[in-house]
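Notes for the one structure printed next.
Each value in this text was obtained by applying a stated rule to the coordinates, not by laboratory testing. Just so you know, these numbers come straight off a predicted model, no measurement behind them. As a convention, Cβ positions derive from the backbone with ideal geometry for all residues, glycine included, and neighbour counts pool all protein chains shown.
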Amino acid sequence: MKKACGINSDLVIDYFYGELKDPAKAAFVAEHITACPECAAEIKELENVREGMKSIEVDLPEDGWNMHAQGVMRKLRRKYTAADRFNEHIRPFFEMKKIGFAMLVLVVAGAGIQFYNYRNNVTKEREIAEQMELLDNLEIIERIDFYEKMINS
Ligand SMILES: [Zn+2]
């Protein structure tokens, strides 16, 4: 980000932390700071922050890192549990949805005549069973597998 004085403020920060690899650039910034009150103030601010950081006491309990690591492991375990739950409960639901969706497609795409024949001659359960057989021949099954792979990948 360019500052009002025309220098990029990243340059000033990099200079402060000694991260300017190019000596000519570093010299340029050093000279600029002596002439630019704004950038000089920024350097002073950075110095204050660095001094402030030094005075912050890091008072972790002796096994602080251990506790931290355990916390991370707990979180990971919770994540796995969530994945297991997904497999147990959501996936079957998706399978049902797959069937439901395929049937919807069948109803929409299927001929009305077929529907009336089924409706008049067979029970609801038998109708579903026979439509399920028809599903095997539908291209839509392949497409659903594709979507399922996308979801599971
Ligand atoms: Zn400046």
Segment 9-55, Cα convex hull volume normalised per residue, Å³: 63
Net lengthening on full extension, T34/K149 (0.36 nm per residue, minus Cα-Cα): 35.2 nm
Ordering of 30-36, 19-25 by burial proxy (mean other Cβ atoms within 10 Å per residue, highest first): 30-36, 19-25
Difference of contour (0.36 nm per residue) and Cα-Cα distance, A27 to K54: 7.0 nm
